[in-house]
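As structure tokens, the structure follows; a few thoughts come after it.
The values are calculated or read from the model by the stated rules, or taken from the named source; none is laboratory data. Just so we're clear, the structure is a prediction, and the values are computed from it rather than from any experiment. Cβ placement follows ideal geometry from the backbone for every residue including glycine, while neighbour counts extend to all protein chains displayed. Note: accessible area is taken over every heavy atom of the protein model, side chains too, but ligands, DNA and RNA are not part of it. Shrake-Rupley method; radii C 1.70, N 1.55, O 1.52, S 1.80 Å.
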Amino acid sequence: MTALQQDDAGLRAWLGARAALWQQIAERIGRLGRGRRHTVDDVNQAVQGYRALAHDLSMARRVLPDSRITRYLEASYRQAHILLTRPAHRLLGDLVQILRDDVPAITRDLRGQILAVVTLFVASALAGAWLISTYPELASIFLPEDAINNVESGKLWTEHMLSVVPSAWLSIRIFTNNIVVACFAAIFGVIFGLGTFYFMVTNGLMVGALFAFTAHHGLGLRLFEFTAAHGPVELTTICLAGAVGVSLGESLVRPALETRRASFQAAVVRGAKYILMCTLLLAVCGFIEGYVSPDPTFPLWSRLVIGWAWWLIAMTFVTGRCWRARPAAAP
Amino acid sequence: MSSDPIEAPDPDLRIESVTGVDVTLPIAGLGGRSYAFIIDWHIRLIGGLAWFFVAQWIAKRSFNVRTQDTAFDLWVVLPAFVIYFLYHPVLEIVMGGRTPGKRMAGVRIVMRDGSPPGVGPLLIRNVFRLLDSLPFVYVVGLISCFATRQQVRVGDLAAGTLLVYDETPARESVTRLVTQGTAAGLTAAQTEFIDDLVARWPALDPVVRMNLARQALLQFESAAPPVSIATLSEAQTLERLKALLRPAPASAQ
């Protein structure tokens, strides 16, 4: 080392000898980063290259601090580090594990939050229904003007939906809208849970007001008929997403780990798995709402059967009862 | 492979490695972040609009589709929205935490331990974009960047990610440094200085570059009298600097 510092010719000889090797290592790492089918030898060579870079970088930092060569070696070393610490690609396996093991465990963890959110939502819906059945003129607070005009003229805004928009397009729009609603229900929990609280109260009030207002104009049964097939799972899923929001807020108010940030991140990772499950449930709901709910050929009994059968299936899925093996421990 | 990161007092991420040699990742500030975002925003906007107009033209010309038809929504409007809204999540996953804008800005997304992000954190980061973009033009995200030491938006806090600078000096320039300057007997550090000065010559202020060049020639061309260096024109000075960088003849090596 001392010889290198004193003798620039020696340093140059060292650089000249190593430059070709760095190029080889960089090329090897680049190749390894691009494809996914590599042999054990390829990986072993990359690990050896990583060690060689570490050695040379250590020397370059002492002999040539702040030089371009050191910066180059640092960048190559970083790339090798990133490549070797890259998580394995097992998307399908991870998805199955989340749905089979993690989701039921999270449901157990979030029991309290789910119960609280459902209670809040039902109470808000009842309050909204009472408010509008007592003061129908307040409907404009919760409902858009064209919906009020439709209902007052004896029509539901859901009628003739299929003659305007085909089922496939309707499903996509509904699904997208529901996903955004579920995401907002969850991420508003960042505001110490208050965002989710207000979001669930507002939505509960709206649902209650909607049913009370249509019932006031003799259209309650028709609205019930429209929502019977998709409503149970859709509303339940929004409540589950709300429970995730509450857990995010709770992680900030009462951090379970050493810092708020760590606690929040752990809650987000757990919540994201649950939101993934909610997305799948809402995709099916979107399909039902696009193909079944607006179609007048489906009688009420068939809608009820579809709606509650799907709810039962969804709940066995959420609680893990649909899987043969017992769910693993909480993630 | 790596243990918990050690947070340095400056906004850098230092990661311990099993080799014992730490890696330092400089954290991208609001400038680098905004620069990358603006490039990406233009790409996705232009991409979405390009699809919209081209598909509209084809749909109307070749398939006689009208704007009120559902086929128009499915083949023209929907893909344009998909390009615009799924640009970030899809490209970040495919490009391992980068997008074209991030690549141009020289930044990339990494986890807090320096490892590359998986699909989950990248999706979480993008779902929280809904919150960061509120109420308009990313006000929440900007406030979060100002308020946090590592200048991260809420999505990064949630996903445990950071935006770091990740630029690699050109390999050719490093290889060049090994041989350059040997004819003049320059050290590696001196060679790098001259090489940088020559490379940045057109961008530097003429007075500043001439001052730097004269000082370099005085120091490194020991045989040249100071008076002759002071009388050199800009072109001659640059030529003399380039002459200093010449590698030693093959026989001498």
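At a glance:
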quantity	calculated
Accessible surface of chain A, 1.4 Å probe, proportion on carbon and sulfur as whole %	63 percent
Residue-span extension gain [B:T67 to B:S34] - 0.36 nm each, minus C-alpha spacing	8.3 nm
Spin-label zone in region A:15-36 - amide nitrogen under 16 Å from a point set 7 Å from the Cα of A:H55 along the C-beta vector	A:15-26
At R0 = 45 Å, FRET efficiency that the Cβ-Cβ distance of A:A88 and A:Y198 yields, to 0.05	0.65
Paired Rg and Dmax values of region B:13-55, which use every Cα atom, in angstrom	18.5, 55
Dipole of region A:92-319, positive direction: furthest Cα of A:A262, A:G193, A:C285, with charges on the beta-carbon	A:A262
Neighbourhood net charge (15 Å Cβ-Cβ; Lys/Arg +1, Asp/Glu -1) for A:A168	-3
Gain upon complete extension [B:T187, B:V137; 0.36 nm per residue less C-alpha separation]	12.9 nm
Debye log10 I(q)/I(0) at q = 0.13, 0.14 Å⁻¹ for region A:11-85, Cα point scatterers	-0.37, -0.42
A:A20 versus B:W57: modelled label distance in nm, points set 7 Å from Cα along the beta carbon direction	5.4 nm
Distribution of pairwise C-alpha distances over region A:145-222, 10 Å bins, in %	16, 32, 36, 14, 1
Cα convex hull of chain A, projected area averaged across orientations, nm²	24.7 nm²
Alpha-carbon centroids, region A:26-65 and region B:12-86: separation in whole Å	33 Å
Packing-based order for A:60-69, A:215-224, using average beta carbon neighbours within 10 Å, highest first	A:60-69, A:215-224
Efficiency of FRET between B:L74 and A:F224 - r from beta-carbon atoms, R0 41 angstrom, step 0.05	0.85
Taking the convex hull of Cα positions in the protein assembly as shown, its mean projected area over all directions (nm²)	36.6 nm²
Inter-chain shielding of A:65-72 (mean C-beta neighbours from other protein chains, 10 Å cut-off)	6
Förster radius 30 Å - calculated FRET efficiency between A:R321 and A:Q48 (Cβ-Cβ, nearest 0.05)	0.05
Under 15 Å, Cβ to Cβ, from B:V127 - net charge with Lys/Arg +1 and Asp/Glu -1	+2
Per-peptide average of other Cβ atoms within 10 Å, ordering A:234-244, B:156-166 highest first	A:234-244, B:156-166
Cα convex hull of region A:194-307 - mean projected area over all directions, nm²	7.9 nm²
Neighbour cut-off at most 13 other Cβ (10 Å), DSSP loop, chymotrypsin sites (Phe, Trp or Tyr not before Pro), region B:23-64	B:F63
Stokes-Einstein D for region B:96-159, Kirkwood Rh over Cα pairs, 25 °C, 0.890 mPa s (µm²/s)	201 µm²/s
Relative contact order computed over chain A (Cα-Cα under 8 Å; 6+ residues apart), in percent	23 percent
